[in-house]
Amino acid sequence: MTKRYKLTRRQPKSTTCSKEGCDAPKMEKHKLCEQHYEAWKAEYQASYYLAHQEKAKEYQKTYNLTYKKKQHRGPARNAVKEQRPEKRDTFTIIDIRDMTGDKLARNLDRILKGERALTV
Ligand SMILES: [Zn+2]
């Protein structure tokens, strides 16, 4: 849809830079010449960066926590494993041997009920 102000424009559209005292031809789809546009863009980006700095840092932090896997240096065996230990549904003889009294009684009860299995 053509906007009304375009149809009723009194003066022809300017073809030069809108910056005062600059007669260079303006860029396509911008009202500034190439030089002034570069300067404006640099300024805009700097101010945008300053305005959104905290937000960007926060985003980077959460991104690293969710997607980045190698956060340690050196060989993989030095990596801190933050995963929870697997929940096993079997006990071995060694497990039984190492258990202390209270725990042993509780786990033997589980084995007898059939919640856990005993393997060799
Ligand atoms: Zn200019």
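The values are calculated or read from the model by the stated rules, or taken from the named source; none is laboratory data. Keep in mind it's a predicted model, so treat the numbers as computed, not measured. With ideal geometry, Cβ positions are generated from the backbone for all residues, glycine too; neighbour counts draw on all protein chains shown.
Consider Tyr37 against the criteria (1) assigned to a loop (DSSP other than H, G, I, E, B); (2) free of Cβ contacts under 8 Å to residues at least 12 places away in the same chain: it satisfies all of them except one. Which criterion is unmet? Only one criterion in (1) assigned to a loop (DSSP other than H, G, I, E, B); (2) free of Cβ contacts under 8 Å to residues at least 12 places away in the same chain is unmet by Tyr37, namely (1). Tell me yes or no: at least one residue of the stretch 43-59 is within 16 Å of the ligand (Cβ to nearest atom) and surrounded by fewer than 12 Cβ atoms within 10 Å (Cβ to Cβ). Among the residues of the stretch 43-59, at least one is within 16 Å of the ligand (Cβ to nearest atom) and surrounded by fewer than 12 Cβ atoms within 10 Å (Cβ to Cβ), which makes the answer yes. Out of curiosity, is Lys103 surrounded by 10 or more Cβ atoms within 10 Å (Cβ to Cβ), at pLDDT below 90 and within 16 Å of the ligand (Cβ to nearest atom)? No: the conditions fail for Lys103.
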